[in-house]
Amino acid sequence: MTTIDASPLRGAERPGPRRQEVATKIKEYILRNRLKPGNILPTEAELCEAVGASRSSVREAVKILSALDIVEVRHGHGTFVGRMSLNALVESLTFRGLLSGEEDHHVLGQVVDVRQTLEQGLSTQVIAVLDDEHREALSALAGEMESLADQGKDFIEVDRAFHLKLMEPLGNDLILQLTEAFWQVQAIVAPTLRTEPEDRVITAQRHRAIVDAVVAGDAGALHSAIADHYAPIRANIARAVGS
């Protein structure tokens, strides 16, 4: 008697591994041919021949690589090698943060740890390279925060601009990407915390203290001001966990 395995896994075992295998071959093709970010990949037919895969497998593999920003699909123009991006990291951390947000805020606490460690660890270098233009820009952004806080308004985009401007003079694209990525995660997840009306004013004041340290050229004061800046959200996390 012939038995038929009706397990749904039988038919689903191969496609997943096959897509990953083709995706790996496409990455190897990019490296082997020394393609750079922004360079166009071969046509779909040429890519199929190059990696020894069917059109459907290549299309599925390209979707995987596109989601990771390894390639960029521009409809009507072709597929290009992607530029450096941490979008996949942001999506994953944001989801994890929202998932745990109502319980222990564990991911949010870790994001705050990373942001503070990154900025404090670079405080000496920041002081060394900041010029008058950047100091003035930071002061103007802090002033905008103070004005909006006095009006009871949020200043989330100004906050983003401030932290990017603080790191910008280092001239390190990865540091800027990390700064923005972890800022984005915190900005999305932090609203799950309960805040007080005066928190805006306190936050604006803490940014002003960072500017004062920068203007004074005092790396130690900047290190302390950054710690003070993250203290309120740490207190909010602790309060939420203890409630």
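The values are calculated or read from the model by the stated rules, or taken from the named source; none is laboratory data. What you are looking at is a predicted structure, and each value in this text was computed from that prediction instead of being measured. Only protein heavy atoms, including side chains, enter the accessible area calculation; ligands, DNA and RNA are left aside. Shrake-Rupley method; radii C 1.70, N 1.55, O 1.52, S 1.80 Å.
Any idea of the accessible area per residue across the chain, 1.4 Å probe, to the nearest Å²?
Normalised by residue count, the accessible surface of the chain is 57 Å².
Taking the alpha-carbon distance from Lys63 and a cut-off under 24 Å, which lysines remain once sequence neighbours fewer than 8 residues away in the same chain are dropped?
Lys25, Lys27, Lys36
What percent does the relative contact order of the chain come to when contacts are Cα pairs within less than 8 Å and at least six residues apart?
That works out to 19 percent.
Before anything else, pin down the relative contact order of the range 56-110: Cα pairs under 8 Å, at least 6 apart, normalised by residue count, whole percent.
Value for the range 56-110: 20 percent.
Leaving ligands, DNA and RNA out of it, report the carbon-plus-sulfur percent of the accessible area of the chain at a 1.4 Å probe.
53 percent
Under 30 Å between alpha carbons, and skipping anything fewer than 8 positions from Lys153 in its own chain: which lysines qualify?
Lys165
Kindly provide the pair-distance distribution of the chain built from C-alpha pairs, with 10 Å bins from 0 and whole-percent values in order of increasing distance.
7, 24, 24, 19, 16, 8, 2, 1, 0
When the Kirkwood hydrodynamic radius is evaluated over all pairs of different C-alpha atoms of the range 149-243, what value in angstrom, to one decimal, is obtained?
Numbers: mean 1/r = 0.0691 Å⁻¹.
Every distinct Cα pair counted, the radius reaches 14.5 Å.
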